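Only one structure is covered here, and it is reproduced in the block below.
Every read-out reported here was derived from the displayed coordinates using simple, explicitly stated rules and does not represent laboratory data. Predicted model, so just to flag it, every value in this text is computed and none were measured. All Cβ positions, glycine included, derive from the backbone under ideal geometry; neighbour counts span all protein chains shown.
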Amino acid sequence: MRFIFMLFFLVYQNSISAQVVNIENKRIYDDSIGWSGSIGASFSAVKNQVLLINTSFRPLIQFKTKMHYFLLLGDLGYSRGNNQTFANWGMIHFRYTYRLNFFPNYTYKNPWKWEFYSQIQYNQLLRQRMRYIFGMGPRLKILETKKMRLFVGTSVYYEHEDLLDGILNQDFRSSTYFSWFMNFDVKWSFSGVSYYQPRIDLWSDSRFLGQYSFSYRLRKNLSLRWDATIYWDSDPALTVNKSAYNTTLGFQLGLN
């Protein structure tokens, strides 16, 4: 029983933060163009007193030119054991970014971009039967060097959320984020992103997501890494906690 509780807790932490999707750690940056993609998938079956099954699937496709950027991201997961479903979620996120070109006759890269995005998802732990959003807004590159990258963006999006409890939310929200990557020296690095999303007509109804990572290089291809995710919702669905966090400490091995 203790093992089932620990499994539920870990799945809950991963599922609850999917309400706000971190796109920053998926992007192709300005020094790269062309196609990029990846597929992550996992399956596990553990038989102790009961049979526990966990599956996940995370595809990612990106395409970037000097003026345009397309991203398609998916995240699906399922966990079941002891004749009950612990988690069942799915999400598809699409984003298009256009670099604003105020001076077409000049070769410099304008730091301003305009983004359009949409997302559709369902999430049992968040009590979501279906949720979809559509939004747009500007993105600004504050600084980009070999040792530091700073970005800020804001947007307004429409949210339609149909909950399993029979509640229907239809709201407009603002979404503001700040992301960064810093190389203090050859060994230390710090990256993160913070999102703040209040309702336009009721700012006391807001959400916050922060994802942060510290890395210390022990050897040429071996680093010690600490990751943390913090999520907070001032007005969650019934039976859903207002806050959740997840933190991990481990090693990262480079292959090049």
Amide N proximity, the stretch 107-133 versus LEU238 label position 7 Å along Cα-to-Cβ, cut-off under 16 Å: 125-129
Neighbour cut-off at most 13 other Cβ (10 Å), DSSP loop, trypsin sites (Lys or Arg not before Pro), the stretch 147-190: LYS147, LYS187
19 Å Cα-Cα threshold exceeded, pairs from LYS187/LYS220; LYS113/LYS147; LYS109/LYS146; LYS64/LYS220; LYS64/LYS187; LYS109/LYS187: LYS113/LYS147; LYS64/LYS220; LYS64/LYS187; LYS109/LYS187
HN-Hα J in Hz across the stretch 214-231 - Karplus 6.51, -1.76, 1.60, θ = phi - 60°, x for Gly and Pro: 10, 9, 10, 7, 7, 9, 4, 10, 10, 10, 8, 10, 10, 10, 9, 10, 10, 10
Gyration tensor over alpha-carbon atoms, the stretch 2-253, equivalent ellipsoid semi-axes in Å: 32, 25, 17
